Amino acid sequence: MQFYDHFFDWGLKEQITNLTVIRQRNGINMQSIVNIQADQRWTLVLGNLIPTNFHVATSGQDYVY
């Protein structure tokens, strides 16, 4: 689900479309399970929480904050 103003008025059409394609390609939907491994704003990670086969599909301003 996308909001009209985000898609058209805020100039996010390209980013939202790109994220939608990535989610569809990877079978991610509103019922997908999320495994949060750390939930604190300032977290020190000792070791590696990122899977070895991980790669960044897209990034952008304010995607993570």
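Each value in this text was obtained by applying a stated rule to the coordinates, not by laboratory testing. Worth saying up front: this structure is predicted, and the values here are computed from it rather than measured. Virtual Cβ from ideal backbone geometry, glycine too; neighbours counted across all protein chains shown.
Please arrange Trp10, Trp42 by how many other C-beta atoms lie within 10 Å of their C-beta, fewest to most. Intermediate results must be reported in sequence, preceding the final value.
Numbers: Trp10 12, Trp42 4.
So the residues, fewest neighbours to most, are Trp42, Trp10.
So what is the calculated 222 nm ellipticity per residue for the chain, using -39500 (n - 2.57) for each DSSP H run with n of 4 or more, over all residues, to the nearest 500 deg cm²/dmol? Can you show the working numbers first?
Values: 1 runs with 13 residues, N = 65.
Using -39500 (n - 2.57) per qualifying helix, the result is -6500 deg cm²/dmol.
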- For the chain, with the dipole built from +1 on Lys and Arg beta-carbon atoms and -1 on Asp and Glu ones, taken about the Cα centre, which of Phe54, Leu44, Met30 lies farthest toward the positive end? Phe54
- Message: Please list, in order along region 3-8, the HN-Hα scalar couplings obtained from phi with the Karplus expression 6.51 cos²θ - 1.76 cosθ + 1.60 (θ = phi - 60°), rounded to whole Hz, x for Gly and Pro.
- Response: 8, 3, 5, 5, 6, 9
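About its Cα centre, how strong a charge dipole does the chain have in debye, to the nearest 20, once Lys and Arg get +1 and Asp and Glu get -1 at the Cβ?
Numbers: 4 positive and 5 negative charges, 48 e Å.
I would put it at about 240 debye.
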- Task: Among (1) 98; (2) 128; (3) 83, find the value of volume of the Cα convex hull per residue in Å³ that was calculated from the structure presented, and write down its label.
- Result: (2)
